[in-house]
1. Of ASP75, ASP85, how do they rank once you tally other Cβ atoms within 10 Å and put the fewest first?
2. Using θ = phi - 60° and the Karplus curve 6.51 cos²θ - 1.76 cosθ + 1.60, what whole-Hz ³J(HN,Hα) does each residue of segment 110-120 get, with Gly and Pro shown as x?
3. So who's got an amide H within less than 5 Å of the one on SER151, skipping anything under 5 residues away but keeping other chains? H placed 1.01 Å off N, in plane.
4. I'm checking a number: the convex hull volume of the Cα atoms of segment 82-187, normalised per residue, in Å³. What is it?
5. Could you run the Karplus curve 6.51 cos²θ - 1.76 cosθ + 1.60 with θ = phi - 60° over segment 170-179 and give me ³J(HN,Hα) per residue in whole Hz, x for Gly and Pro?
6. Search the structure for amide H atoms under 5 Å from the amide H of VAL143, placed 1.01 Å from N in the peptide plane, and list their residues when 5 or more places away or on another chain.
7. By how many nm would the segment from VAL126 to TRP112 lengthen if fully extended, with 0.36 nm per residue of separation less the alpha-carbon distance?
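Please treat every number below as a calculation from the coordinates, not as lab data. From a predicted model like this one, the values you see are computed outputs, not experimental measurements. Cβ atoms come from the backbone with ideal geometry, glycine included; neighbour counts cover every protein chain shown.
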Amino acid sequence: MSGKKSFGGSKVSSRLISRRSLLAGSAGLTVAAAIGGGRWASAQENDSGQASAGTQTHEVQMVNKDREGRPMQFDPAYLKIAPGDSVKFVATDKGHNSEPILGMVPEGAEMWKGKINEEITLTFDVEGIYGYKCLPHFALGMVGIIQVGDSTENLDSAETAKLPGKAKPRMAELIAQVGGGATAPAD
C-alpha cells in the first residue's frame, strides 16, 4: 500500500496512520485537554466581543426605529469605550451611514465616512468625544456620541456645534450622558 493518499483529486498527501498510533495520539490529546482545558474554557467564556488582548469591539445598529420607538436612530446612541476599542456600525435597516459631525471630533483623531448601507468597523485611539451622524437622517435627529476614555476635553466644541432640526435636542440628551452630566445649550 502506498504512503500517499489523494484528497478530492488534489495532490495533497498524508501519511497513513495505524490504529495504535491514532489511539496513542488521542490519549495524548485527552490528557492535554484535561491539563489546559480550564484555560480554554475561560477564554471562551470571557470572549464577549474582544478583538485582541484588552480591546473590545462594540456594535452600534443603524435602525429605522430604536427600542424606545424613536425613528431614525443609532442604537445605542451613546457609547463609552476604552482607547483602542473598536466600534462596528451595522446597517440593520437600509438607507443609513455613519460619519463624524464637523467640530465634534477630538483634535488629532481620524475622520471617517461610511457609505450608505455599509457596515464599517473603526478603532478609536484618541480620547475624547466623537459626535457622529447619519447624513440622510441628520435633521431627523439620527446622531450619536462615542466617548473614548474619560477625557471630555472637546465637550465644549461638541456642545456648540451647529446642528439642524431634531439633531440639536437629541444631541443635548446624549451630551447629558457624558462624563459628569454636562448638558448642551437649549435652542
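1. ASP75, ASP85
2. Rounded to whole hertz, the list is 7, 8, 8, 8, x, 7, 4, 6, 8, 8, 10.
3. Amide H neighbours of SER151, under 5 Å, 5+ apart: GLY128.
4. Numbers: hull volume 9.4 nm³, N = 106.
In segment 82-187, the Cα hull volume divided by residue count equals 89 Å³.
5. 5, 5, 4, 4, 6, 5, 4, 7, 6, x
6. The list, which skips near neighbours in sequence, is PHE74.
7. The VAL126-TRP112 span can extend by a further 3.7 nm.
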